[in-house]
Amino acid sequence: MMLSSHVKPQKIEQEISGRWKMKISSRALLVVATVTIVSFLLFHQKKVQIPNINMLQLCNCESPNTAPDWPQPMETDNEIEELFKKIDKQIPQVTIDDVEEATNAKESTAVIINPKAEYCVGEQLLVKVTAYDSTGTRKSYGGDYLRARIYSPATNSSASGSIMDKKDGTYLVTFTLFWEGSVHISVLLMHPSEAVSALWRGRNEGFANIKYTGNFTSATQYANSECGFDMDTNEEICRYVDKRDCEAFYCRKPRHYPCEALTHMNSVNRDHSYLTEVEQLLINRSNIGLEISKDLKPVTVKNCGQKRMDPTEKCGLGSYHQIPSGYFHYNVWNPLHCRMTQFTQNDKLQAFLKGKKLFLMGDSTVRQYVRHFAENLKIVDYFNHTEDEMQSWQKTLLAINLEKFIYIQWKKHTFPFVSKTFYSIKEDAYMARQIDQVGGGENTIIVLTLGQHFRPFPLRVFIRSAINVRKAVKRLFIRSPRTKVIIKEENARDMDIDMERFSDFHGYVQYLLLRDIFHGLDVGFVDVLDMTIAYACDVIHPPLEVLENIISLSFTQAS
């Protein structure tokens, strides 16, 4: 076709250039489409279709097995070592070759050193405990883990005793007589000093006692892989690292799965022990919680005409007290230094919680709060999850009361979390990160607990997590200073569990550390260890009469 004479050469060049660009663009699109289809077919052939999940709000897989490339916070590391050494100095460093060399409850003695025909309410009862081994030889060093309480079944009264280790095989137990009546005395040998030494050494020797298994899932299949805090392998690993707080967890990377495909986790006790055969005998159930004071008779306590002076100041934030911090009387907890309000009636609880957000963070012992409100008292209703996935008791619980504007959430802390059944970790975050996500304010309450799931692991893991939580609480108070934070301290638990991994001795060490780590912060402390020892409720989840007092003290401090 002939061009019209009035068309300019420049315009002709532009039309030709445009046609070539259209051809090039079409070819480019064809190439891109071809590559996309081939990639899809190859990917589909492997049957793995995974969305990009930012698990735990952490940076994801760094494949090479190299040292961390993030800067270490030296001030945190130094504090961890300082706190660790502070505990280490208090632990006996002894080993034995024969179980008969260990402290023996049957041979040991308990004697009242200020005996009276009658005592008055408010007086002290002093008991001297002398430790002997199985051969009847008096011990020359201390470190035995003892538990002491007084109790009166007729009035459902009980209290813990204060224990002073003289470091020479003798102990002074001081009981304050808070009520009148016939008062029984109990001093238990939980662990001899030789078992304490072994438990301490074994706990901090490594991570081999618990085996974690991670579940990596796709749309069509799944793969299980070994996980943990320390992966000694040359295989490719997934590193789930919180670079800010230096908390980390690892998994062997399954073939054909990205690290983001990790969705569930479980753990079991490995067939492994850091203890010798003799040391394992010492923590056998038959040697746990044995009575030393079996020969002590009940003492009689009279009122003596004295008027009891109850504390008038309401329990608040910012302070904690040594054991005994209170006592039970008719199943009601009476703090020694402040006045507790009982939140046991529906109306009072609803009035307190009206318009508030309550965040419960930690393990199943603080999960008891929301279950009590929803299942026993029925003041809130669960907002149930309907996901078609593996679900179990570990799932996040949300309960609400629309009429009263009550919002309650329980969320587990993440690693280390111990459970035989697989649980979802897709929404998990370290507790410090959970606190960072809370807006806070006058009507926000956080109740947190750290402890039970940390017991099987080296103590430095617990210390680092607790320090990170403290930093998060400080950040919360900067942006929302009127937020209430309550620390539910660790409770005593069963005596027929695996003691190497879950002994109450481990919990007691963590109990002491939490008080050190959070000292000086405007937070509340609920001394559940004292309560559960006084009540002698040796179960992981305290019974209702104890739980109600735990909740009451928590809310009194938060009000």
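The values are calculated or read from the model by the stated rules, or taken from the named source; none is laboratory data. Note that the structure is a prediction, hence the values are computed from the model and not measured. Counting neighbours? That spans all protein chains shown, and the Cβs are built from the backbone with ideal geometry, glycine included. The area values use the complete protein model at the heavy-atom level, side chains included, leaving out ligands, DNA and RNA. Shrake-Rupley method; radii C 1.70, N 1.55, O 1.52, S 1.80 Å.
Below is a table of values for the structure above.
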item: Fraction of accessible area attributable to carbon and sulfur, the chain (%, probe 1.4 Å); result: 52
item: Principal-axis tilt of helix 544-558 within the chain, Cα atoms, nearest 10 degrees; result: 70
item: Rounded accessible area of Trp333 (nearest 10 Å², 1.4 Å probe); result: 10
item: Cα convex hull of segment 457-512 - mean projected area over all directions, nm²; result: 4.5
item: Pairwise FRET efficiency - Thr276 versus Asn346, Cβ, R0 = 51 Å, nearest 0.05; result: 0.40
item: Charge dipole magnitude, Cβ of K and R +1, D and E -1 - segment 259-337, Cα centre, debye nearest 20; result: 640
item: 5 Å binning of all Cα-Cα separations within segment 186-332, expressed as whole percents from 0 upward; result: 2, 6, 10, 10, 10, 9, 9, 11, 10, 8, 6, 4, 3, 2, 1, 0
item: Order of exposure, largest accessible area first, which applies to Lys354, Lys412 with probe 1.4 Å; result: Lys354, Lys412
item: Extension gain from Val268 to Ala208, taking 0.36 nm per residue of separation minus the Cα-Cα distance; result: 20.5 nm
item: Range of Cα positions in the chain per principal axis (Å), largest first; result: 132, 60, 41
item: Label-point separation, Lys106 to Leu172 (7 Å along Cα→Cβ), nm; result: 3.2
item: Leading residue at positive end of dipole, segment 295-415 (Cβ point charges), from Leu377, Leu358, Thr312; result: Thr312
item: Convex hull of segment 454-559 built on C-alpha atoms - directionally averaged projected area, nm²; result: 6.9
item: Segment 144-233 - charge dipole about Cα centre, Lys and Arg +1 at Cβ, Asp and Glu -1, debye rounded to 20; result: 220
item: Burial ranking of peptide ranges 495-501, 481-487 (average Cβ count within 10 Å, highest at the top); result: 481-487, 495-501
item: Cβ-placed point charges (K, R +1; D, E -1), dipole of the chain about Cα centre in debye, nearest 20; result: 2320
item: Residues Glu82 and Gln322, FRET efficiency given R0 of 22 Å [Cβ-Cβ distance, rounded to 0.05]; result: 0.50
item: Relative packing of peptides 172-178, 370-376 - highest average C-beta neighbours within 10 Å first; result: 172-178, 370-376
item: Long pairs among Lys314/Lys354; Lys85/Lys128; Lys128/Lys302; Lys86/Lys395; Lys314/Lys484; Lys106/Lys166, criterion Cα-Cα beyond 27 Å; result: Lys85/Lys128; Lys86/Lys395
item: Area accessible to solvent at Met164, 1.4 Å probe radius, in Å²; result: 100
item: Spin-label pair Asn114/Arg285, simplified geometry with 7 Å Cα→Cβ offset, distance in nm; result: 4.0
item: Solvent exposure, largest accessible area first (probe 1.4 Å, DNA, RNA and ligands not counted), of Ser273, Ser157, Ser140; result: Ser140, Ser273, Ser157
item: Cα centroid separation, segment 264-290 to segment 299-372 (Å); result: 35
item: Full-stretch length increase - Leu126, Ser140 - with 0.36 nm per residue and alpha-carbon distance subtracted; result: 2.9 nm
item: Listed residue (Ser424, Cys120, Asn209) projecting farthest to the positive dipole end of the chain, Cβ model; result: Ser424
item: Per residue accessible area of segment 104-239, 1.4 Å probe, in Å²; result: 40
item: Dipole-positive endmost among Val94, Phe84, Val111 within segment 72-113 (Cβ charges, Cα centre); result: Val111
item: Solvent-accessible area of Lys426 with every protein chain in place, 1.4 Å probe, in Å² to the nearest 10; result: 80
item: Theoretical FRET efficiency, 1/(1+(r/R0)^6), r = Cβ-Cβ of Asn156 and Glu226, R0 56 Å, to 0.05; result: 0.70
